[in-house]
Amino acid sequence: MSGLDDGTVPRFPRGVKFREDKVRGQHMLLGPERIFNADPVATQILSLCDGKRTIVEIVDALTEVFAADAATIRPDVESFLIDLRQKQLVTL
Amino acid sequence: MVLPHVAEAAAQPASPQPPIGLLAELTHRCPLRCAYCSNPLEMETRSAELDTETWKRVFSEAADLGVIHLHLSGGEPTARRDIVELTRHASQVGLYTNLITSGLGVTDAMLDALHDAGLDHIQLSMQGADGAVTDAVVGTRGAFERKEAFARAVVARGFPLTLNAVIHRLNIGQVPLMIEKAVAFGAGRIEIAHTQYYGWALKNRAQLMPARADVDRTIEEVKEARERLAGILTIDAVFPDYYAKYPKLCNGGWGARTLSVTPSGLALPCHAAQTIKHLDFWSVRDHSIGEIWTSSPAFDAYRGTSWMKEPCISCERRTVDLGGCRCQALALTGDPRNADPACIKSTFHSELGDIAVAESSAAVNLAAVAYRGFSRPGAEQAGVVVAPRSPYTERPA
Ligand code: SF4
Ligand code: SF4
């Protein structure tokens, strides 16, 4: 898999919303006619996708949350985001 | 760390979990007169429509109850003067807002205002891939060019656009062309949905029913286009159940996933549910959305599986498709508790196939198409459907 540039900024395109669903106690990624439930790890990552942070900054922030270093976390985050891009849920 | 994961929410079992979708039919007024329109034959008039404040309350209640997607629909929802205000309110209370529009009568200024109000997504109906076919389907002239201009204006503003193409005998030859148009317009998604026969579509079924061979060909065409356009255009397809073996889970299950509210405020488990005359539909004027969802008899009537009789009750698929569509069962078998006749276990199934074959093999007779419209008293008995008055200046009936 080709890696993402350090400067890559993940964004939600218009029509995709990441939000907390209070009724179901769950974070969700919403698209037209589509609902994806985010598990706790996905929620951590997506909460950091604010349209400003780069992938480096996101991974850095995650090292504070998870007991792993950046080199371990980065590939997981990348494959997660690339998969979401394929579903047209983020732009990279 | 554990690999992060987003999972597409699974279909819920039919228990009163909170609904995920609300179809708000803001008005039945529409500048088009589509032969396949699923609005009821007796359309509600402007004077009967809910006012702005009531719709806002409904949207707030829906959000509190757990509704995620709000579909602002009709008729033509932008025929309501308060469409921007309603969209803004829905967005503020956290709903994902989808405008389902014919694209006609929506000015650039209105699009800008809707963008500013937080509208998330636009779904544009597409009736054909060119002017000639579109005119034949919508019953007026010049709609195709206006839709194309609208689609481009939508995409230029950064809105995600879905085209909704309802397929029937009049346009089934244009499926690949419609897919090409979707790409050309810049849509991210197209729905190729075969007609569901309710309302005006049922009335016009003899002119709309596609031939089996054409249906099979579109399945191949969709498959080919999906592979070719992966990453460019998402193609969702619903194939007709008159030729199916098993019915579809209808609307995610009765009272399970979604609800509709008519222009005058009746809350329905499905937009065709009013065809089941003995059900008592509560109005949002008298009850909150939450009360209606959990306590109204109409939502309970066919929820889950306890209402079933044979063949559904002993069928292993009963929790898969919940017996299919109640409205179709009623329309074609006379009893909404029967299995949907799209099912091979239904005693009406072969009849359904026969209807499909007989109707689809006759030549299309456009003169026989009843374009939707508000009928004047008496006109219906005479078999004449009168052209609608201008959608924006309709007088009370
Ligand atoms: S199907 Fe056609 S006539 Fe019916 S509401 Fe949609 S655009 Fe209007
Ligand atoms: S018998 Fe009823 S439950 Fe079984 S497949 Fe047919 S419609 Fe579905």
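Summed over qualifying helices (DSSP H, 4 residues or more, each -39500 (n - 2.57)) and divided by its residue number, chain B shows a 222 nm mean residue ellipticity of -9500 deg cm²/dmol. Rounded to the nearest 5, the antiparallel percentage of DSSP beta bridges internal to chain B is 10%. Among B:43, B:209, B:126, the residue with the largest mean-square fluctuation in a Gaussian network model of chain B, with springs joining Cα atoms closer than 10 Å, is B:43.
When the Gaussian network model of chain B links Cα atoms closer than 10 Å, the mean-square fluctuations of B:226, B:337, B:29 top out at B:226. GNM remark for chain B: springs join alpha carbons under 10 Å apart, and the peak mean-square fluctuation among B:273, B:62, B:225 falls on B:225. Here each label is just a point 7 Å from Cα along the line to Cβ, and for residue B:285 and residue B:85 those points are 1.9 nm apart. Within a straight-line Cα-Cα reach of under 18 Å, residue B:277 can be paired with the following lysines, leaving aside sequence neighbours fewer than 8 residues apart in one chain: B:203.
How big is the charge dipole of segment A:17-86 about its Cα centre, in debye rounded to the nearest 20, if each Lys and Arg gets +1 on its Cβ and each Asp and Glu gets -1 on its Cβ?
For this selection, approximately 340 debye.
In a simple Cβ point-charge model (Lys, Arg +1; Asp, Glu -1; nothing else charged), the protein assembly as shown has a dipole of about 1040 debye relative to its Cα centre.
Scan chain B and report its longest stretch carrying no GluC sites (Glu not before Pro) that are both in a DSSP loop and have at most 16 other Cβ atoms within 10 Å.
Between exposed loop sites, the widest span is B:43-315.
FRET efficiency for the pair residue B:224 and residue A:67, taken as 1/(1 + (r/R0)^6) with r the Cβ-Cβ distance and R0 = 45 Å, rounds to 0.40. Close amide H partners of residue B:189, meaning residues 5 or more places away or on another chain with modelled amide H under 5 Å apart, are B:161, B:163, B:234. Between the listed residues A:25, A:70, A:58, the Cα displaced farthest toward the positive end of the dipole of segment A:17-86, a dipole computed from Cβ unit charges relative to the Cα centre, is found at A:25. How crowded by other chains is B:62-70, given as the mean number of beta carbons from other chains within 10 Å of each beta carbon? Mean partner shielding for this stretch: 3. Note on residue B:135/residue A:57: beta-carbon distance plugged into 1/(1 + (r/R0)^6) with R0 of 56 Å gives a FRET efficiency of 0.55.
Of the residues B:253, A:81, B:272, the one whose Cα sits farthest toward the positive end of the charge dipole of the protein assembly as shown, with +1 on the Cβ of Lys and Arg and -1 on the Cβ of Asp and Glu, is B:272. Between residue A:47 and residue B:156, the modelled labels are 4.1 nm apart [label points 7 Å from Cα along Cα→Cβ]. A Cβ-based charge dipole, computed about the Cα centre of chain B with Lys and Arg at +1 and Asp and Glu at -1, lands at about 400 debye. Rounded, prolate or oblate: which one fits chain A, using the alpha carbon gyration tensor with axes a ≥ b ≥ c (rounded when a/c is under 1.5, else prolate when a/b beats b/c, else oblate)? Judged from the Cα gyration tensor, chain A comes out oblate (a/c at least 1.5, b/c at or above a/b).
Each reported figure results from applying straightforward, stated rules to the coordinates on display, with no laboratory input. As the structure is a computational prediction, the values presented were derived from the model and not from experiment. For neighbour counting, all protein chains shown are included, and Cβ atoms are generated from backbone atoms with ideal geometry for every residue, glycine included.
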